[in-house]
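This report concerns only the one structure given below.
The values are calculated or read from the model by the stated rules, or taken from the named source; none is laboratory data. Values in this document were obtained by computation on a predicted structure and should not be read as measured data. Cβ sites come from the backbone with ideal geometry, for glycine too, and all protein chains shown count toward neighbours. For accessibility, only protein heavy atoms count, side chains too; no ligands or nucleic acids. Shrake-Rupley method; radii C 1.70, N 1.55, O 1.52, S 1.80 Å.
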Amino acid sequence: MPSWFTRTAVACAALFIAALVFVALAPYEKDMGLVQKIFYFHTPSAWMFLTAGVVCGISSARYLANHSPKLDRLAWASAELLVLFGAIALVTGPLWARKTWGVWWQWDVRLTSSLLGWMIGVAYLLVRRYAGPGSDKLAAGLALFGMANVPFIYISVNYWRTIHPPTSVVPKLPLSFGVPFYLSVTAFTLLFVMLLRLRVHLEEQRARVDSLYLSLDE
Amino acid sequence: MAASSVGLSAALFVVMSIGSPAAGAPAAVQVLPPPLMLPVRAELQSQPSPSAQKPPEEFEAISEIPPDERMPAAPMVVAAYAFVMLALFAYLLSLARRLGAVKQDISRLESELKRNGRT
């Protein structure tokens, strides 16, 4: 593990423990009761899912323009995090929905476009894994579609009929809900940055292995 | 001819005197005779108003969970938090394994290069 990892991991773990304590102390929501506490991990992971989609899309677009391997590594790393945080959001969401809405899933615009975004991330990873030479550019093109879907996922609840809460809920959070929520957002953001750096580091090491093989063949 | 038109007028009078169309019913529904409208009216009345379907605008705090909601919610919350922790731990473990394998490759290749005298 790189030298910076231990410090960041300790800070991240401390933030998560603090977030969990504040989540436990947070009041129950009037209509949803206990199950609303899923919100404190569901929404930050959904935000990280969208952030990963944007990072992957921007670095892919820049990679297609100037072919820098650094940007390709960043895109690949963020695609993996997109799938990870997307899976968390897509699993915790239905667990919350089952109690609050009475159904596990609804084919409304927010949920459907989120699933589509996650599937684009999975497709990106499959292309990188199995499509062979040239898969980097093919996957970069796919990432652009994934990024175009991100604003659609975010604003869809404000424009289409849905029972998913609108985006106005988070800015209007009272302090008792806001403190654990933003603490959780900070923990997830730090975790996202740490995992992204670690995944990029893995790709750098793989590139080093490739160059070592080349020098051995020469 | 005259008898049939008198019969039709009488039938129309009877139909119109039974009741007027429901207020707020669509135009297509209002042209139906009232006996045919009854099921439609009942259906319209059974639908919740649009304001009842509105999603919540903000969260509101209460001091404790309503008693009827205590048991079913707990397994969902525990499952959600457990899944988050497991997924993150599994990913971190997979990253550590992949990094370990790559590090091993690097040290093996570097020692091989040194043996061949090409550092």
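Some notes on this structure:
- When A:VAL83, A:VAL122, A:VAL103, A:VAL127 are screened for being in a loop (DSSP other than H, G, I, E, B) and either open to solvent by less than 40 Å² (accessible area, probe 1.4 Å) or among the β-branched types (Val, Ile, Thr) (or both), only A:VAL103 passes.
- Hey, A:GLY141 open to solvent by less than 30 Å² (accessible area, probe 1.4 Å), in contact (Cβ under 8 Å) with a residue 60 or more places away in the chain, within 14 Å of chain B (Cβ to nearest Cβ) and assigned to a helix (DSSP H, G or I) or not: no
- For the condition in a helix (DSSP H, G or I) and open to solvent by less than 50 Å² (accessible area, probe 1.4 Å), A:LEU202 qualifies.
- The number of residues in the stretch A:21-38 that are within 8 Å of chain B (Cβ to nearest Cβ) and part of a helix (DSSP H, G or I) comes to 5.
- When restricted to residues that are open to solvent by 60 Å² or more (accessible area, probe 1.4 Å) and either part of a helix (DSSP H, G or I) or in contact (Cβ under 8 Å) with a residue 12 or more places away in the chain (or both), the stretch B:99-119 contains 7.
- Condition check for A:LEU50: part of a helix (DSSP H, G or I), among the hydrophobic types (A, V, I, L, M, F, W, C) and over 20 Å from A:LEU173 (Cβ atoms): no
- Per-region count, the stretch A:10-26, residues in contact (Cβ under 8 Å) with a residue 40 or more places away in the chain, open to solvent by 30 Å² or more (accessible area, probe 1.4 Å) and under 15 Å from A:PHE181 (Cα atoms): 4
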